[in-house]
Amino acid sequence: MDVAGSHSDWQQRLTNSAASELGVPAGLETIRQKLVRGERLTLQDGIRLFENTDLPAVTRLADLVKHSRFADEVYFNSNLHVNQTNVCTLACRFCAFRRSKNSDGAYALTVEEYVARIEPWADNIDEVHSVGGLHPDWDIDYYEALFRATKDAYPNLHIKALTAVEIKHIAEISNLSIKDTLRRLKDAGLDSLPGGGAEILDDDVRDIICRGKESSKEYLAIHATAHEVGLPTNCTMLFGTVESIEHRVQHMIQLREQQDRSGGFQCFIAYPFLPDKTRLPEAQLATGVEILRTIAVSRLMLDNIPHIKAYRMNLGDHIAELALSGGADDIDGTVGHEEIMHEAGSTTALDDDRQHLASLIRDIGGIPVQRNTIYTRFRRFEDDDDRGSRPPLSVLPMA
C-alpha cells in the first residue's frame, strides 16, 4: 500500500518539485528531466548516478522523490528479533552467524523457548521478526507449531519470518511445493516475509559469496509466490562484497521488474557487508559515502517499491540519519534483540526505545510516524506516548 496516495498523486508532486529544482549538475540533467516527465530510469541512468561525483546532488534528487511520496513523515515500528536457530546446512562466506549442528555456540530453540523469548517484550512490540539457519531436522511441522503457539500466546503480534532460502529448505525437507509450504505457514500464523537472502541477484556473484543458496530466479519466484498467496514481503540487497556497480543496478532492475509482475514488495533495504569475524577477505567494503549513494540510487531506480529503509541496526544511527535526508523514509524499529548483524560486527545499541528513534527522525527535520509491519496503519508519535497507555495505530492520512 502506498500510504501517500495513488501513483499519479505523488508523481505529480514529484514533477512539480523536480521541475523547479535548481543546481543539478550537467551530468544529472537528463535524469532530472526523466523525473519531471515521470519516466523510468535505465541501467545506464543507474550507473551514471553511482559514478557522478556530486553526491549531494544525487541525494537531493532522491530526497525529492521521497518527499513527493511521504512529505516529512519517517516511519518506524516496535519490533523484536528472535532468531530460532543458528544451525545451518550452508556455509555462506559472508555469514558470521551460522554454526554447524555440533559446533560450540550452536543453538536451536524449542517452540516453548521461542515463545518465552517474546514474553518480556510482548506489551511493547507489534512485530516479531524471525530468520535463522537451515536446520537439517526441522520440516514444516516445527514452523507450523512455532507460529501457532506464538499466535495463541500473542494473537495481535505480527509474525514476519523466514527468508526465501528458508522457505525453499522447508519445502524440500517436507516434500512440498513452495506454494503449499507458504499456504500452510500462512494458515499457521505467518503474516509476511522479510527480504533477506537476496544478496546480489547475479548467480556468478552468488557462487562466490553464498554458494548453495537459492538462485536469483528462485529468490524472485519464491517472493512472487508469497505475493500470490497473500503474503507481503520486503526485498534487500547486500553490497560491498565482490559485486560491481552494474551488478547493483541490475539487482534493482530485477526487483523492479518483479514488482511490476507481482506487486507485493512493500520495502527495499540495502545494507553493506560488515566484515568483522566473517570469511570474505576479498570484499571491497562500502564507505559511508557509498552507503548513502546506494540508498539514494535505490530510491530513484525503484519507482514502484514505496518504502526505502535505512536499516539502522546495520548502518548505525549517524549514517541512518543521513540516509533519511537522501531518499530513505523508514528507519526500521526498536529491535529489542538482534544477533545476525551483531555477530558480523554491528555495534548499534539494542536498548533503544521509541523516543530514541523519534529523536533521530526529528534531528533531520522529519515527523516520526509509528507504523504496523505492512504499512497499513499509522499514528504520529508524540513524546508522551511512552508515558502511559499507547493510542492504537489507525489509518492516518499522509501529507
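The values are calculated or read from the model by the stated rules, or taken from the named source; none is laboratory data. The shown structure was predicted, so the numbers you read here are calculated from the model rather than taken from an experiment. Using ideal geometry, Cβ is built from the backbone for each residue, glycine included, and neighbour counts are taken over all protein chains shown.
Can you spot a residue in the range 289-304 that is touching a His at 6+ places or on another chain (Cβ under 9 Å), more than 22 Å from C95 (Cα to Cα), assigned by TED's automatic domain parsing to the domain that holds D353 and touching a residue at least 24 places away in the same chain (Cβ under 8 Å)? Within the range 289-304, one or more residues are touching a His at 6+ places or on another chain (Cβ under 9 Å), more than 22 Å from C95 (Cα to Cα), assigned by TED's automatic domain parsing to the domain that holds D353 and touching a residue at least 24 places away in the same chain (Cβ under 8 Å). Selection of first residues in the range 92-111 that are under 25 Å from V205 (Cβ atoms) and among the aromatic types (F, W, Y) and of second residues that are at pLDDT 75 or above and not in a loop (DSSP other than H, G, I, E, B), restricted to Cβ pairs under 9 Å at least 6 apart or on distinct chains, gives the following pairs, ordered by first then second residue: F94/I209; F94/L238.
What do you reckon, is L43 loosely packed, with under 14 Cβ neighbours inside 10 Å, at pLDDT 90 or above and out of contact with any strand residue (DSSP E or B) (no Cβ under 8 Å at 6 or more places or on another chain)? Against the criterion (loosely packed, with under 14 Cβ neighbours inside 10 Å, at pLDDT 90 or above and out of contact with any strand residue (DSSP E or B) (no Cβ under 8 Å at 6 or more places or on another chain)), L43 qualifies. For the range 316-329, the set of residues classified as farther than 19 Å from V58 by Cα and either crowded, with 24+ Cβ neighbours inside 10 Å or of a type in the set (F, W, Y) (or both) is empty.
With the condition kept exactly as written, say whether any residue in the range 133-147 is crowded, with 21+ Cβ neighbours inside 10 Å and among the aliphatic types (A, V, I, L, M). Yes, the range 133-147 has at least one match.
Restricting to the range 75-89, and then to whatever is part of a strand (DSSP E or B) and of a type in the set (S, T, N, Q), can you tell me which residue is farthest from I374 (Cα to Cα)? Once the filter is applied, the top-ranked residue is T85.
For the range 90-113, the condition holds for at least one residue, the condition being that it is assigned by TED's automatic domain parsing to the domain that holds I364 and of a type in the set (V, I, T).
V242 falls short of the stated requirement of being within 30 Å of P281 (Cα to Cα), of a type in the set (A, V, I, L, M), outside the structural domain of G46 (by TED's automatic domain parsing) and part of a helix (DSSP H, G or I). Would you confirm, using the coordinates I've provided, whether R183 is over 23 Å from the mean Cα position of the chain (by Cα) and farther than 23 Å from I200 by Cβ? Taking the combined requirement at face value, the residue does not satisfy it. Taking the criterion of being touching a residue at least 40 places away in the same chain (Cβ under 8 Å) and in contact with a Phe, Trp or Tyr (Cβ under 6 Å, 6 or more places away or on another chain), would at least one residue in the range 159-170 satisfy it? Yes: one or more hits. Just one of (1) at pLDDT 95 or above; (2) in a helix (DSSP H, G or I) fails for P120. It is (1). The residue that is surrounded by the fewest Cβ atoms within 10 Å (Cβ to Cβ), counting only those in the range 281-315 that are within 21 Å of W10 (Cα to Cα) and of a type in the set (D, E, K, R), is D303. If only residues of the range 340-363 that are buried (at least 18 other Cβ atoms within 10 Å of the Cβ) and in contact with a strand residue (DSSP E or B) (Cβ under 9 Å, 6 or more places away or on another chain) are counted, the one that is modelled with the highest pLDDT is I361. Would you say L146 is under 27 Å from G264 (Cβ atoms) and either of a type in the set (G, A, S) or free of Cβ contacts under 8 Å to residues at least 60 places away in the same chain (or both)? When the stated conditions are applied, L146 does not pass them.
Listed here are the residues, each with its yes/no results for (1) assigned to a strand (DSSP E or B); (2) not hydrophobic (A, V, I, L, M, F, W, C).
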{"residue": "V58", "(1), (2)": "no, no"}
{"residue": "H67", "(1), (2)": "no, yes"}
{"residue": "A91", "(1), (2)": "no, no"}
{"residue": "G105", "(1), (2)": "no, yes"}
{"residue": "H129", "(1), (2)": "yes, yes"}
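Just the residues that are hydrophobic (A, V, I, L, M, F, W, C), under 17 Å from L64 (Cβ atoms) and not in a loop (DSSP other than H, G, I, E, B), please, taken from the range 23-47. Answer for the range 23-47, where residues must be hydrophobic (A, V, I, L, M, F, W, C), under 17 Å from L64 (Cβ atoms) and not in a loop (DSSP other than H, G, I, E, B): L28, I31, L35, V36.
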